[in-house]
Amino acid sequence: VQSAYGIFSVWLTPEWDLSQYEILDWVATAESVAASEDTLSIAARIHNNGPDAQPYPSIYLQLKDRWDQTVGSRIFAPDEYLPSDHGADGLMAAGTTVPVKLDLVDRNEDAYSFELDVCIEAAAGSIACVSDTVFE
């Protein structure tokens, strides 16, 4: 159906079920690479709890200060967090768990904690997240 509508330049976006995703075992480690550069590595796992295959989600990362205010954020696409030998173009099978590895240069000394959220494309040009956040 999508390809038929595509002939007329109308793009359909399936309504994926965000509640199928679960973030497991998240942890962050910081290391000094050089005197002026610290690296923050965040590792987690994402599990598809549902009965259906779904796209690999994007990961929304928020760095928080000690008062729980956001001091930095970014959305990571699947090809940015999945291992290089893992294809991000297909669908994530039901019951599958995949590793997440986010490496970033931590230049914000105010970052005290972090939050992760799972997001998928909701409509052309927008992303919906489990926390009900929509980015356009």
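Does T96 qualify as being farther than 21 Å from A122 by Cα and free of Cβ contacts under 8 Å to residues at least 12 places away in the same chain? For T96, the condition - farther than 21 Å from A122 by Cα and free of Cβ contacts under 8 Å to residues at least 12 places away in the same chain - is not met. Can you tell which of N48, N108 is modelled with pLDDT of 95 or more and touching a strand residue (DSSP E or B) at 6+ places or on another chain (Cβ under 6 Å)? None of the other options fit; the residue is N48. Note on the range 21-101: enclosed strands (runs of 3 or more DSSP E) holding 3 or more residues that are loosely packed, with under 13 Cβ neighbours inside 10 Å and over 11 Å from the mean Cα position of the chain (by Cα) are 21-34.
When you look at D65, is it touching a strand residue (DSSP E or B) at 6+ places or on another chain (Cβ under 7 Å) and of a type outside the set (A, V, I, L, M), yes or no? Against the criterion (touching a strand residue (DSSP E or B) at 6+ places or on another chain (Cβ under 7 Å) and of a type outside the set (A, V, I, L, M)), D65 qualifies.
The values are calculated or read from the model by the stated rules, or taken from the named source; none is laboratory data. For clarity, every value in this text was computed on a predicted model and none was experimentally measured. Every residue, glycine among them, receives a Cβ derived from its backbone with ideal geometry; neighbour counts consider all protein chains shown.
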